[in-house]
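Working notes, structure below.
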Amino acid sequence: MTWSATARGAHQPDNTAFTQQRLPAWQPLLSASIALPLFFCAGLAFIGLGLGLFYSSYGIKELEYDYTGNPGTGNCSACALADQDRAPPLRCSCAWYFSLPELFPGPVYLYYELTNFYQNNRRYSVSRDDTQLSGLPSALLHPANECAPYQRRASGLPIAPCGAIANSLFNDSFSLWHQRQPGGPYVEVPLDRTGIAWWTDCHVKFRNPPLVNGSLALAFQGTAPPPNWPRPVYELSPDPNNTGFINQDFVVWMRTAALPTFRKLYARIRQGNYSTGLPRGTYLVNITYNYPVRAFGGHKLIVFSNISWMGGKNPFLGIAYLVVGSLCILMGFVMLVVYIRYQDQNDEDEDAE
């Protein structure tokens with residue numbers, strides 16, 4: 001009996017105000033004089049913030065062009081017909097001309113946009129091997145089962161990078177040219193293709209395997225590229241600091257989108273005479289058309305956009321704040337009417353007594 005009491009006492013909490021729940025507590029009693037000002041103040045704050053976000057988003061300029069190539073929609077239609085039902089698609093080129101009557105203020109970002117492309121499909125989104133993408137040599141030769149059916153080629157060689165996401169890598173390319181004066185020559189606008197991916201992706205999640213005799217190609221020896229790739233992963237770019245698993249375009253593509261319509265950053269325009277934006281004049285975008293989308297009813301777009309302090313163009317956040325603020329104001333007035341009505345009724349009942 002003495003032992004059980006001692007054991008039971010050893011497991012009891014300390015006799016303090018905190019452990020014995022004797023701390024003083026305060027329970028607020030919300031009255032109309034407290035609740036109504038809170039609703040009105042919150043509503044006004046949300047409306048003010050919503051107006052700021054909405055007009056900031058409204059001030060962002062965008063210029064977009066649908067180059068899917070549907071019949072009668074521009075000179076990319078020939079490429080779309082040539083690429084349909086081909087894997088890998090046939091290389092084709094088309095162009096987009098546009099004019100700017102005034103400065104398109106910078107910084108200017110070049111995006112590509114895809115529609116009706118479900119990167120959020122569960123089977124698609126898990127079809128990758130993060131261990132392989134981290135550069136582990138043993139994972140190159142033994143891809144994860146989640147990559148199937150893009151785990152090994154018919155010859156038995158392991159695929160690097162494996163999986164459906166890597167196999168569907170977006171491979172259209174663009175170049176931008178500027179004609180300053182009518183009839184003058186076109187000058188190429190430098191596109192900065194570096195720093196377009198998340199820092200954590202480039203320096204933490206994605207790493208190349210250790211070089212073999214100073215060669216990245218030897219590090220990938222014994223592997224095969226995905227079926228839709230015309231060249232192996234170590235030839236994605238001539239820049240040794242931007243090829244293999246750390247290639248910026250590849251890293252951007254591997255961060256899957258949450259919605260079927262999405263944009264991914266292709267380049268930034270911030271060098272030379274274009275650091276302040278795109279000057280007035282005529283522009284030409286040369287498009288290397290490789291990526292087929294008509295088979296699944298998708299669209300491809302080129303988007304030029306600048307940003308503000310809140311980021312890219314997105315009116316939803318401002319509209320959401322405006323709606324919530326308006327609801328707070330409305331609920332405040334409703335509760336005020338109810339309070340006045342029942343307060344008057346209570347006063348009449350007290351006078352009657």
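The values are calculated or read from the model by the stated rules, or taken from the named source; none is laboratory data. Since the model is a prediction, treat every value here as computed from it, not as a measurement. Cβ coordinates were reconstructed from backbone atoms using ideal geometry, including for glycine residues, and neighbour counts include every protein chain displayed. SASA here: full protein model, heavy atoms, side chains in, ligands and nucleic acids out. Shrake-Rupley method; radii C 1.70, N 1.55, O 1.52, S 1.80 Å.
Details
- Cys residues of the chain that find no other Cys beta carbon under 4.7 Å: C41, C202, C328.
- The calculated FRET efficiency for the pair R91 and M310, based on their C-beta separation and a Förster distance of 35 Å, comes to about 0.35.
- For the stretch 150-302: span of alpha carbons on each principal axis (Å, largest first): 57, 42, 28
- Grouping the Cα pair distances of the stretch 226-295 into 5 Å bins from zero gives a pair-distance distribution of 3, 11, 13, 21, 20, 17, 11, 4, 0 percent in increasing distance order.
- Highest-first arrangement of 244-254, 276-286, where packing means the average Cβ count within 10 Å: 244-254, 276-286
- Percent RCO, i.e. relative contact order, over the chain, from Cα pairs under 8 Å lying at least 6 residues apart: 34 percent
- Cα-projected label distance for F18 with S77, points at 7 Å along beta-carbon direction, nm: 7.5 nm
- Residues N116 and V212, FRET efficiency given R0 of 35 Å [Cβ-Cβ distance, rounded to 0.05]: 0.25
- Compactness index (Cα Rg / 2.2 N^0.38 Å), the stretch 202-260: 1.20
- Straight-distance crosslink candidates among lysines, where the alpha carbon sits under 27 Å from K61 and sequence neighbours closer than 8 are dropped: K264, K300, K313
- At least 27 Å along the helix axis (C-alpha) and Kyte average at least 0.0, DSSP helices within the chain: 32-58, 315-352
- With contacts taken as Cα pairs under 8 Å at a separation of at least 6 residues, the stretch 217-353 carries a relative contact order of 6 percent.
- In the distance distribution for the stretch 84-166, Cα-Cα pairs more than 22 Å apart total 52 percent.
- With every protein chain in place, the stretch 76-194: carbon and sulfur % of accessible area (1.4 Å): 55 percent
- Rg(Cα) / (2.2 N^0.38 Å) computed for the chain, rounded to two decimals: 1.48
- L259/A32 FRET efficiency (R0 51 Å; Cβ-Cβ; nearest 0.05): 0.75
- Between I340 and A148, the contour length at 0.36 nm per residue exceeds the alpha carbon distance by 62.3 nm.
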